[in-house]
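What follows is a short report on a single structure.
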Amino acid sequence: MDTINYNVFLIAEGWRGANIMRLKNKELYLRLVNVAFDVLFANFAVLCALFLFYGMRVSETPLTYVYNLKWYLPIYTVVSISVFYCFRLYHSIKKYVSLTEAVLSALSCIVITAFFWVLTALLAIELPAAVYFLSFFILLSMTLLSRFVYRLLHILSANYSHLNGIRKSYNIMIIGAGKAGNMLIREMKNSNEI
């Protein structure tokens, strides 16, 4: 009898290991998607700030700024992703994003904007001061949007499944609980709340 329980436990552990691998792959995928969005948002923030300052007319934007983009955008992108990583924005689980994540996003955007200012000064590219402020606010809003949209979608899907009566089921195993285990199993079968 002990051998059977031990084998069942090993099978259960094997399933759990497979679920852990699936979970780690999903987390890695979500982190890579988040990095890709951050690359897009960092570059978009600089470009959009530059064009917004000149009234969204490409023809009025000085060509020297546009020409110099190819020199500082790759450096800016690498530093932006590094700053986000240093502020641990890729380490949290997205369905549990909180105010701490928002504060870290704001601090990282401040550091990135300061680096943007230093980089353009070192490369002798004179940009209007409003471009730095615009890029900061665009980058901050896009970063916060990307961090909280996954949580919002998670909440909405949970509410949608709850309203439509769709319940997510989990496989569980109760081993060696005696009468308390029997009572727990009966409660789980009969209760609509669990």
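For region 74-122, trypsin sites (Lys or Arg not before Pro) are listed when DSSP marks them as loop and at most 13 other Cβ atoms sit within 10 Å of their Cβ; the list is Arg88. Atom-type composition of the exposed protein surface of region 64-163 places 76 percent of the accessible area on carbon and sulfur (1.4 angstrom probe).
Stretching Ile125 away from Leu144 to a fully extended chain increases their span by 4.0 nm, per 0.36 nm per residue minus the current alpha-carbon distance.
Straightening the chain between Leu63 and Lys189 buys 38.4 nm, computed as 0.36 nm per residue apart minus the Cα-Cα spacing. The residues of region 86-152 have, on average, 54 Å² of accessible surface per residue, using a 1.4 Å probe with all protein chains present. Extension gain, Val118 to Ala102, is 3.3 nm, computed as 0.36 nm per intervening residue step minus the present C-alpha separation.
The values are calculated or read from the model by the stated rules, or taken from the named source; none is laboratory data. Model, not experiment: these values are computed from the prediction. Note that we place each Cβ from the backbone using ideal geometry, even for glycine, and neighbour counts take in every protein chain shown. Please note that ligands, DNA and RNA were not included when accessible areas were found on the heavy atoms of the full protein model with its side chains. Shrake-Rupley method; radii C 1.70, N 1.55, O 1.52, S 1.80 Å.
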